[in-house]
Amino acid sequence: MFANVQPTRSLKSSLYYDRALRHPEKGGKVIMANGVGLNMSPTAQLAMLEAYVNPKFKVKAYSVVISHSDEDNERLKDPKFRELMLHEFVNECKNRGIDLDNIPYIIPEHTNTDNDHYHMLMLINDFKGERINTQYLGKRMAKAAVDVSKKYGLHYPEGWDRREERKLKHQASGATTEEEGRKRKPRTRTANTTKPVVPSVKVGLSEEEQKKLNDRIRRQRAIQEAQKRKEDEAKRQAERDAKERTKVQKQEAERGKKNGQGNDKPEAERENKPRFKR
């Protein structure tokens, strides 16, 4: 047995895939669930999960694929034994700090491959809407699956025991706990920390790199020149508009003087000439 954990942002697509709505040959029968009815329709199950989910989290849930080795097919032909393995996996996850009793989840079964497997969809928050502890979630669930396999004599991924041996050896060398093993060693400062500058072996650029660099410089210059032409044209247009306004103001002033309505004379001395002939 092995468990592979991946985050998902879409409850709808994940649930519809797990329930095998587009590919009924996969099965998709719900074996276990928490907070969701086993015999409910996929639409109703999706509505219940969306009601539990906290909208402030971008990652809505985790998709966990629980699979078995081909070498265990004979023992797993009994559906009751497969269901027992699934219950043992859930209990082992609880022992590792994953409180599945307070987390909404659903576990459908796929039967379209040589060995039946399960797709577990669990929310990233509990029933209260609080985010669960997802630190090393994938490692903890994988370890739970391996422990169940060891307990019932099933096969698990090769190299797992060697990994555990390296971990124990590392802890025995001085790091007694996993937290201590992750701590960084303190830096020791010396009097002279300046390192000598070592010249790079590669001097200059290759012909292709030089060509790319020249093209980049050429495009940048073209953009700068186009921006400068645009600014110059806007400046010239502003000057032309200013000249045109000045010209119009002079023409209006001269026309007012000819009609005897210049602003330089008192209002009583201005000639009141009709603007239009009758």
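The values are calculated or read from the model by the stated rules, or taken from the named source; none is laboratory data. These numbers come from a predicted model, not from an experiment. No Cβ is skipped: glycine too gets one built from the backbone with ideal geometry, and neighbour counts run over all protein chains shown. Side chains included, ligands, DNA and RNA excluded: accessible areas come from the protein's heavy atoms. Shrake-Rupley method; radii C 1.70, N 1.55, O 1.52, S 1.80 Å.
For N102, indicate whether it is at pLDDT below 90, surrounded by fewer than 16 Cβ atoms within 10 Å (Cβ to Cβ) and among the polar types (S, T, N, Q). No: the conditions fail for N102. Taken over the stretch 1-26, residues that are small (G, A, S), modelled with pLDDT of 90 or more and either assigned to a helix (DSSP H, G or I) or within 14 Å of D116 (Cβ to Cβ) (or both) amount to 2. Against the conditions (1) part of a loop (DSSP other than H, G, I, E, B); (2) in contact (Cβ under 8 Å) with a residue 60 or more places away in the chain; (3) touching a Lys or Arg at 6+ places or on another chain (Cβ under 9 Å), V36 satisfies every one except (3).
Just one of the numbered conditions (1) modelled with pLDDT under 90; (2) part of a strand (DSSP E or B) is not true of E109: (1).
Mind counting the residues in the stretch 60-97 that are touching a His at 6+ places or on another chain (Cβ under 7 Å) and open to solvent by 50 Å² or more (accessible area, probe 1.4 Å)? The number of residues fulfilling the criteria is 1.
Only one of (1) under 49 Å from the mean Cα position of the chain (by Cα); (2) in a helix (DSSP H, G or I); (3) modelled with pLDDT under 90 fails for V203. Which number is that? Condition (2) is where V203 drops out. Among the residues of the stretch 1-33, which ones are among the charged types (D, E, K, R), in contact (Cβ under 8 Å) with a residue 24 or more places away in the chain and over 28 Å from L154 (Cα atoms)? Once the filter is applied, which keeps residues that are among the charged types (D, E, K, R), in contact (Cβ under 8 Å) with a residue 24 or more places away in the chain and over 28 Å from L154 (Cα atoms), the stretch 1-33 yields R9, K12. Quickly run through the stretch 122-168 and pick out the residues that are of a type in the set (G, A, S), within 20 Å of N4 (Cβ to Cβ) and loosely packed, with under 13 Cβ neighbours inside 10 Å. Listed by number, the list holds a single entry, G159.
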